[in-house]
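The values are calculated or read from the model by the stated rules, or taken from the named source; none is laboratory data. Predicted model only: the values in this text are computed from it and were never measured. Backbone-built Cβ (ideal geometry, glycine too); neighbour counts: all protein chains shown. What goes into the accessible areas is simple: the full protein's heavy atoms, side chains included, and nothing from ligands, DNA or RNA. Shrake-Rupley method; radii C 1.70, N 1.55, O 1.52, S 1.80 Å.
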Amino acid sequence: MTIEAPWVRRPWKWMLVNVAAWSVLATLFAIQGAVRGNVAVYQVFAHTFASFAPCAILTPGMAILARQFRFTDERRRRAIAAHLAGALAFVLIGGVMMGIAEKLVGGFPKQTMLGAARLATIGYVTANILTYVSVIAIAQAVLYAVESRNRELNEAVLLTQLAEARLHVLSSQLQPHFLFNTLHAISALVRDEPVQAERLLAKLSDLLRHVLQDGNQAETSLAKELSFLEKYVELQEARFGPRLSVQFQVDPRVVDARVPHLLLQPLVENAIRHGTSRRPTAGLIEIGAVRDGTRLQLFVRDNGAGIPDDGVVRDGIGLSSTKARLRQLYGDDHTFALERVTTGGTVCRVSVPLTTILEPAA
């Protein structure tokens, strides 16, 4: 598989890296030669840089070969043949260029230009083969690293898209559930209390407008979530009258915290449906949000019938969808618990990481 090599996307950057790398290598060899030899330092440096200059010139061509002929299983023989030819070409062309360059800076004083090229080609055979192999190996390693990184990025994008798709499915499941339950509650009042039913329909339209505006968002600010919940609570209080009372206990420091969209509404609906609506006397629901270090603690508490004696709580669409969305958004970094209140009733507790949403709270 041919991938887009980094030196193709940013050629000038990699040309500078190429020249710099060979210059550093030539400098190290020149210093070593200057320390060991009796030749003038400038001559050692000139001779060494003349020898390494063809390597820098021919490296882009070797990098192109490394990109076009990779040692994959299906093309291994083809790659081996191509690189054998490339190594031979580098030995011949590089050797000739080295001989000419060294002749120009004062090397091979008794040789003609052609003789200097022939001697350099023969003398540098082993070194040039090792150079070719090293450059190809480094280029292949860079290509495999880029391919591995691209694969990881693609997998991360696919996982993100999958998570978003799952969240969209869960949200799409929850919204009709909310709508149908609310319409069912209003339909019970149409004949006996038409004025009340009309007022509830007006409140429902406000709720639907809110759902449509933020329906595609996986998360929202706690302030927006509470604003929506207050409208929902007004609708329920209008339906139940004095039989239902709702209180909010929210720390103002956490109103901009990031929470899943439509997180609290199913919990409150569950508290009303399975808790306070079954009480012969007035029911109370408390909704709270506090900060606990780096976490946001949310709770919905009612004074209803409480958890059954057998301890088995059957999740409906609202609770099961809420749990699934929490798992999808936070993995294991969240808690969701239904607990029995000693004084009577049930409390649902949710703990998520405390992060601030980017958009300003409405």
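Do we find a residue being modelled with pLDDT of 80 or more and either in a helix (DSSP H, G or I) or surrounded by 10 or more Cβ atoms within 10 Å (Cβ to Cβ) (or both) anywhere in the stretch 209-220?
Yes - at least one qualifying residue is present in the stretch 209-220.
Do the conditions hold for I64, that is, is it closer than 19 Å to E147 by Cα and at pLDDT 85 or above?
yes
Which one is modelled with the lowest pLDDT, of the residues in the stretch 297-315 that are surrounded by 10 or more Cβ atoms within 10 Å (Cβ to Cβ) and farther than 21 Å from V246 by Cα?
Ranking the candidates gives V313 first.
Of (1) within 20 Å of I186 (Cβ to Cβ); (2) out of contact with any helix residue (DSSP H, G or I) (no Cβ under 7 Å at 6 or more places or on another chain); (3) part of a strand (DSSP E or B), G288 satisfies all except one. Which?
Only one criterion in (1) within 20 Å of I186 (Cβ to Cβ); (2) out of contact with any helix residue (DSSP H, G or I) (no Cβ under 7 Å at 6 or more places or on another chain); (3) part of a strand (DSSP E or B) is unmet by G288, namely (1).
Please verify whether the stretch 249-261 includes one or more residues that are surrounded by 17 or more Cβ atoms within 10 Å (Cβ to Cβ), out of contact with any Gly (no Cβ under 7 Å at 6 or more places or on another chain), of a type outside the set (A, V, I, L, M) and outside any strand (DSSP E or B).
Within the stretch 249-261 (the criterion being surrounded by 17 or more Cβ atoms within 10 Å (Cβ to Cβ), out of contact with any Gly (no Cβ under 7 Å at 6 or more places or on another chain), of a type outside the set (A, V, I, L, M) and outside any strand (DSSP E or B)), the answer is yes, since at least one residue qualifies.
Please go through the stretch 114-123 and pick out each residue that is surrounded by 13 or more Cβ atoms within 10 Å (Cβ to Cβ), of a type outside the set (K, R) and within 11 Å of V96 (Cβ to Cβ).
Selection gives A116, A117, L119, A120, T121.
Residue by residue, here is whether (1) among the small types (G, A, S); (2) more than 19 Å from T126 (Cα to Cα) holds:
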{"position": "A34", "(1), (2)": "yes, yes"}
{"position": "A40", "(1), (2)": "yes, yes"}
{"position": "A46", "(1), (2)": "yes, yes"}
{"position": "A50", "(1), (2)": "yes, no"}
{"position": "G61", "(1), (2)": "yes, yes"}
{"position": "I64", "(1), (2)": "no, yes"}
{"position": "R67", "(1), (2)": "no, yes"}
{"position": "T72", "(1), (2)": "no, yes"}
{"position": "R76", "(1), (2)": "no, yes"}
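Of all residues in the stretch 127-154 being free of Cβ contacts under 8 Å to residues at least 40 places away in the same chain and under 16 Å from A63 (Cβ atoms), which is most open to solvent (accessible area, probe 1.4 Å)?
The qualifying residue most open to solvent (accessible area, probe 1.4 Å) is I138.
Please tell me if L319 is closer than 19 Å to P266 by Cβ, part of a helix (DSSP H, G or I), at pLDDT below 85 and open to solvent by less than 40 Å² (accessible area, probe 1.4 Å).
Answer is yes for this residue.
How many of the residues in the stretch 249-281 are in contact with a strand residue (DSSP E or B) (Cβ under 6 Å, 6 or more places away or on another chain) and at pLDDT below 80?
Within the stretch 249-281, residues that are in contact with a strand residue (DSSP E or B) (Cβ under 6 Å, 6 or more places away or on another chain) and at pLDDT below 80 number 2.
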